[in-house]
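Take a look at the structure below.
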Amino acid sequence: MPEALAAIDCGSNSTRLFIVDGADSPLTRQTVITRLSAGVDEHGTLSEEAMERTFAVLRAYRAAMDEAAVGRGLLVATSAVRDAANGGEFLARAGAIVGVPASILDGAQEASYSYRGATAELDERGLPFLIVDIGGGSSELALKHHGELRSFSMQLGCVRVAERVLGFGVVSKEREGATQAMIGAELDRAFRAQPVFEEVVGRVRMVGLAGTVATLVAMERGVGVYERSLVHHQRVDRAVVEAWRERLAGETPAQRLAHPGMSAGREDVLVAGLYVLGAVMDRFGVTELLSSESDILDGIVATLRESEARGG
């Protein structure tokens, strides 16, 4: 009898849980903004306060896993933890709380799980899908080329960009210029590392994952109370990204929070994420993207189930 499975993602900005039952029907998806990466870019370590915020959420997630009789699971940590000198300490403590294996993913592993989760429901016939996963500390690009997954992890998360150059409030011209330069340099690095990216410019279908894209879709559609069906697999024009970026850049975080669809905890970093998203769309010659609420968590669950079927 297949077991209930759980996937936990300790990201730079949020800590998330996904549980499916033995038939792979979703039981719960939960997201809490924990800002684990706060200060990592500057100090190189996870603060005790940020870790404790995350551990408190993980304790609640363990209770939810017990209630669902979860048999197997995996906790993954991404950019903030892999960049921090004390990332190993965090991982050990987090794993002890949730009681399942815990792993720090490198950029390629993160992109692989995200690609698998985001494309599982999509027809891959036709132009290749380009997955853009904008996180708090990093952003992953991934596509399949001749059956092989090609990916690159950019140091361009919404929290990292906000902390390093953009700031958290009203955006000045000087900060905007520095942000665009930072993003442009990192995209140059991605294209040098993966020459295939240049080959597919103007010939990809972009799929956008994670909080920046989900929040953008929710605001554009006025979704005050989150419903997955209203955010998942929605098409977003490049002009919509630009319009919201310009509007929010001229507002304070408190003013941004007043927009229906804005999630508390994203109002100070969403603009940074939109700068990244717009630049990626432009560099790949894409005028619209498809939003996806299926992501790294879905990819982890699918991999766990596959391992279970093999007896692993």
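When LEU149 is tested against (1) surrounded by fewer than 20 Cβ atoms within 10 Å (Cβ to Cβ); (2) touching a Lys or Arg at 6+ places or on another chain (Cβ under 8 Å); (3) part of a strand (DSSP E or B), exactly one condition is not met: (2).
Taking the criterion of being over 30 Å from ALA63 (Cβ atoms) and in contact with a helix residue (DSSP H, G or I) (Cβ under 9 Å, 6 or more places away or on another chain), the residues of segment 90-110 that qualify are ASP106, GLY107. Yes or no: ARG256 in the same structural domain as ILE131 (by TED's automatic domain parsing), closer than 26 Å to ALA142 by Cβ and free of Cβ contacts under 8 Å to residues at least 60 places away in the same chain? Against the criterion (in the same structural domain as ILE131 (by TED's automatic domain parsing), closer than 26 Å to ALA142 by Cβ and free of Cβ contacts under 8 Å to residues at least 60 places away in the same chain), ARG256 does not qualify.
If you go through segment 1-40 and pick out every residue that is in contact with a helix residue (DSSP H, G or I) (Cβ under 7 Å, 6 or more places away or on another chain), surrounded by fewer than 21 Cβ atoms within 10 Å (Cβ to Cβ) and under 24 Å from ASN86 (Cβ atoms), you end up with 2.
Taking the listed residues LEU127, LEU156, LEU122, LEU105, the one that is modelled with pLDDT under 95 and touching an Asp or Glu at 6+ places or on another chain (Cβ under 6 Å) is LEU156, with no other qualifying.
The single condition from (1) under 20 Å from ARG283 (Cα atoms); (2) among the hydrophobic types (A, V, I, L, M, F, W, C); (3) at pLDDT 95 or above that LEU209 fails is (3).
The values are calculated or read from the model by the stated rules, or taken from the named source; none is laboratory data. No experiment lies behind these values; they were computed from the predicted model shown. All Cβ positions, even for glycine, are placed from backbone atoms using ideal geometry, and neighbour counts span all protein chains on display.
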